[in-house]
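Encoded as structure tokens, the structure appears first; notes follow it.
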């Protein structure tokens, strides 16, 4: 079994990317999870180039207590679907703007999953990277009052914020 | 306050549609939730025509113990985003194939949410209607062993199924 | 009630943006209104992050004599639809070219409004930002002869203009 | 001058279509205007096949007291832009789903007007046909208390409506 | 291991579909292979619902002498990419026109494979189903003179064909 | 009548642009016509901002012996259709890549002309700008042996050209 | 040489189709040419399946006095480009709505020709089929006064036509 | 016959480009073939500008022992289809991101080939350029154990690779 991936003790969210080039975008997922106090681990594992590593990681996560998986990929973005086929955990998908078509290819490759295996899709690029983290938090908040309080505070602050125009 | 909506005691999932014309599709969400033993309630509330009812419903749900909201709409599909702005509960979005553009308009109106308020989007039409239900189940399974067992059984059966070709 | 917004005495047009990043584009709306002598006010209020502020602003405007609202947003651009649901005033929508898809997502999120609540949509980016202002002027001109004269002059000058080629 | 068009005494809205085949859709504009008590006139005039008739009609309308023009066309839908170039009146555009591309061609041919001449665009097909009428009403309501009251009543009724699901 | 699939002794082409609903289209692949005398086997195996069956099938095929795999799927069509990740055999992909977007989602989910694992994509629907079969034949013809002769004859006949117009 | 445009004695091709910003692209039309010895004139006239000038120009051209009109515009590109409605001369359309959507809006606004008034559309941007010139040449060559010979030479040279790779 | 095609003595327009299934659409090209008294010939020749026949036909036409070629094809529609590469005659392209994507694939395969070999593209489907015929007429009218008179009459009649609404 | 192209003795893959501007992308095809030890030759031949050279090259290749052709083109990308019509060899198509539409035009011009003449399409840009080379290798590996071993090694190394994140 190919277990060349990094684990973080106590991680409740696992972030996977199809390529290291997704990191500038997906680092925002990680920062958002950090900001809301969610232990997590990040790995680059390609559904296409490392299929055995994906399988090993998916089996492993459930046992280690990971509760949500966030998968980012570009182009024909199969990672989230492949992961969702291998684990009953909720899988969140972040379409990346890769080499062409402005990320529409990734969005459709994730959002248009056929019935039977669900994948929850977010916006192309960093908006989605941040929102996938927030959605994971909203899920965890259902059964964790500390997380719930932190998320309530985050949203309250966000709502109170006033953006000034330069004139 | 406009409280013209139906509540179901013990419902953990609330299904909202922007129009009664979404029901032929969204009845599959309801059937899927039934099949997996998830108490839920279904309502037609438009983000545009019934903004006060949406607000009332969102406030109400959290108090009544609803844990997930599934929102379906077509065209410029704002319902999921409006609901997500009003409640910290996880919001799942089902784009409907409405009067043109094969549902691409609804998909983009849901999936492309700006950062800050997350919405989890599923496939256009009935594939997404079924998968949103399954995703809700996967979330609820995280903290309910009975649901977890039923979901595991559902997936096992689905994996074991063999589709025959007619020749 | 969240009333963290700026009001301008005598404003007949209210310009709203979902994000301060829309200002480089929407400042052209403001400049165009200035050029045609239309008192107006500009605010950044997100339909998603500041839903209560949107509600407060909409209620407030009609009473203060604002006659037209111009709403700009990017991605899943719900602001115009949300505002139109809350006020009977005419709402003009400016789709922004945000983080991907060249603004097609914003255009569809605005133009494809379901029947019942109207939103008037203009071009993506600054062409639309300028035209929304001109359209507001054309509306106000219906009942204000001074505005009508200024608009007639603006169009006459524009028609008379001759663009030279560099050769 | 080619004056082969129908005028209605006291009409405040002029509805133009590029082809009689747009009538099944645009009859909903007419019905909506009727429902809200707005006198109007409907004509089929093509920007391409009847350019002189368009010019004559545009000059004529302003003098006769028409205040808003609603233009419907399919494919490379130039009618609204051509009309807006010829009259300072507010021009509303209804993209038709014509012979292919689900109306996306018409939507872009209307919404993407370059700066200088504004056209307000609504949804493809009957949703837009109805909303263009409602938008015209919202404009007329600014200076007509009877229209304002009828529009307020229309929206109130619409908001109060409850759509039942068949189960 | 889940080995619920059908094998055909001597098959050199394996045809896989994500759903039995792809058969009306993919039966044309089978007919074309029959017409050119290529032994093949057809199975419905979903990348998402039957991931273990896909793995088992891929391992099995190379040993049994299958030389080309043709994979059909609709929506977020991952089957071809998943298969290509599991086997070094050439993988041909047939995008299906599924429940919306006219098959564009399937086409992009197949054609836009990231570098490293190749998948050869053909046209949406039956044109692609037939051409994938012909392409497989052209590959097999490189090392089989009988196939080469049959393919040359097929193309010659096709070139000689004259389509008459009804007048 | 607004006759603020430039005429060139003996011009057989008239090139029109909706905006001076189209010149960097359309100068290639002019250069191509020069290279093939075709007298022509170039003007910036907007279908929307200068409708009377367009009308005056169209009437004028036929009398002066212009035989082909080439029209360039971006966004909702109506110029070619408006010109074709005003003159029986052949009209060639060059879609410009304007402020968004990569020129798809212009392409559809030109190519999708409804039946009755023809417009011949070429590629977005400079490829189309050059090809529209070449197409005009091919038309003029039908009745001018000198042009025919120059065009034959141009194509021969082009066919004979060998592009070397840098290795 | 493969000369399996039909010639019509005195034909000045040659209509080519990639498939007999294009005839229901392209018969409108033929009817329009008939209506305007233009001798023409129609053939089904595929750029892909009958490359030698295309070559033979192109060489032949110029000698026989054909002046314009109209090429219809669907999907990856190469016929017009291939013909334009083989003949200096003006080539008009009619994109067909084939098996998916509403004809967008055909439109782009024709309109987006790279610089050097021009192809004039018309609308998808029967609107384009009719307009290509009219455009051919407008070209022929440049040097044939009888055609010019018939075309002027056709346009005059078309402009004079009044379309009545059913109410 | 126009034989202005470069041949490489022993080449089993022929790489063709429609323009020298495709080389920065297609040089990755060449590098990938080099890396896997596949003798090949690269030429710029346009389907449109050099139709005779294409014909000559296609006839020549089969005799010289070339087994696979890889064709790259942008815009209305006809090269692969034209080549496939002229040779029974397997033809792989690489859509280029040319002057607009992000390469969607090229992708559709290649992938949507009508039935009868197959073309195998890969991703837009360099992902496809690399994968077309790998796919050619996978085909050649079917009958060449040395290639098979090198390809197995390449894929093994690729699977074993671990991409580190910068934190």
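Here, each number is a calculation from the coordinates, and none is a lab measurement. Not measured: the values here are computed from a predicted model. With ideal geometry, Cβ positions are generated from the backbone for all residues, glycine too; neighbour counts draw on all protein chains shown.
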Inset, instruction - Answer rounded, prolate or oblate for chain G, using the Cα gyration tensor with square roots of eigenvalues a ≥ b ≥ c: rounded when a/c is under 1.5, else prolate when a/b is larger than b/c, else oblate. - result: oblate
Legend entry - Residues F:122, F:135, sorted so that the one with the fewest Cβ neighbours within 10 Å comes first: F:135, F:122
Inset, instruction - Partner chain Cβ atoms within 10 Å, averaged over the residues of A:69-80 - can you pull that number for me? - result: 5
Inset, instruction - Take every residue in peptide G:39-48, count the Cβ atoms of other chains within 10 Å of its Cβ, and give the average of those counts. - result: 4
Inset, instruction - Provide E:96, C:1 in ascending order of the number of other Cβ atoms located within 10 Å of each residue's Cβ, fewest first. - result: C:1, E:96
Legend entry - Tilt relative to chain B, helix B:126-141 - C-alpha long axis, 0 to 90 degrees, to 10: 90 degrees
Inset, instruction - Can you tell me the FRET efficiency between residue G:145 and residue H:59 if r is taken as the Cβ-Cβ distance and R0 is 51 Å, rounded to the nearest 0.05? - result: 0.60
Inset, instruction - Would you work out the relative contact order for segment C:52-120, in percent, from Cα pairs under 8 angstrom that are 6 or more residues apart? - result: 32 percent
Inset, instruction - Have a look at the DSSP beta bridges in the protein assembly as shown and tell me what percent are antiparallel, nearest 5. - result: 5 percent
Legend entry - Mean separation of Cα contacts under 8 Å (6+ apart) over length of segment D:72-167, as relative contact order %: 22 percent
Inset, instruction - Could you work out how far helix G:145-160 tilts from the main Cα principal axis of chain G, as a 0 to 90 degree angle to the nearest 10? - result: 60 degrees
Inset, instruction - Please tell me the relative contact order of chain G in percent, rounded to the nearest whole number, where contacts are Cα pairs under 8 Å and at least six residues apart. - result: 22 percent
Legend entry - Mean residue ellipticity (222 nm) of the protein assembly as shown, computed from DSSP H runs ≥ 4 via -39,500 (n - 2.57), nearest 500: -14000 deg cm²/dmol
Inset, instruction - Mind telling me which of G:149, G:72, G:120 comes out most flexible in a GNM of chain G, alpha-carbon contacts under 10 Å? - result: G:149
Inset, instruction - Report Rg(Cα)/(2.2 N^0.38 Å) for segment F:52-130, keeping two decimals. - result: 1.06
Legend entry - Approximate spin-label separation residue A:156-residue A:6, in nm, with each point projected 7 Å along Cα-to-Cβ: 3.4 nm
Legend entry - GNM flexibility winner over chain H from H:30, H:100, H:109 (Cα, springs under 10 Å): H:100
Inset, instruction - Find the percent of Cα-Cα distances in segment D:38-77 that exceed 14 Å, and round it to a whole number. - result: 51 percent
Legend entry - As computed over segment H:81-167, the Cα convex hull volume per residue (Å³): 129 Å³
Inset, instruction - Shielding by partners for E:89-95, please: the mean number of other protein chain Cβ atoms within 10 Å of each residue's Cβ. - result: 4
Legend entry - Cα pair distances in the protein assembly as shown, grouped into 10 Å bins until the bin that holds the longest one, percent each: 2, 9, 18, 21, 20, 16, 10, 3, 0
Inset, instruction - Write down the percent of antiparallel bridges among all DSSP beta bridges whose residues are both part of segment E:1-126, to the nearest 5. - result: 0 percent
Legend entry - Angle between chain D longest axis and helix D:51-64 axis [Cα atoms, degrees, rounded to 10]: 60 degrees
Inset, instruction - Specify the inter-centroid distance of segment D:58-108 and segment E:45-73, based on alpha-carbon positions, in whole Å. - result: 55 Å
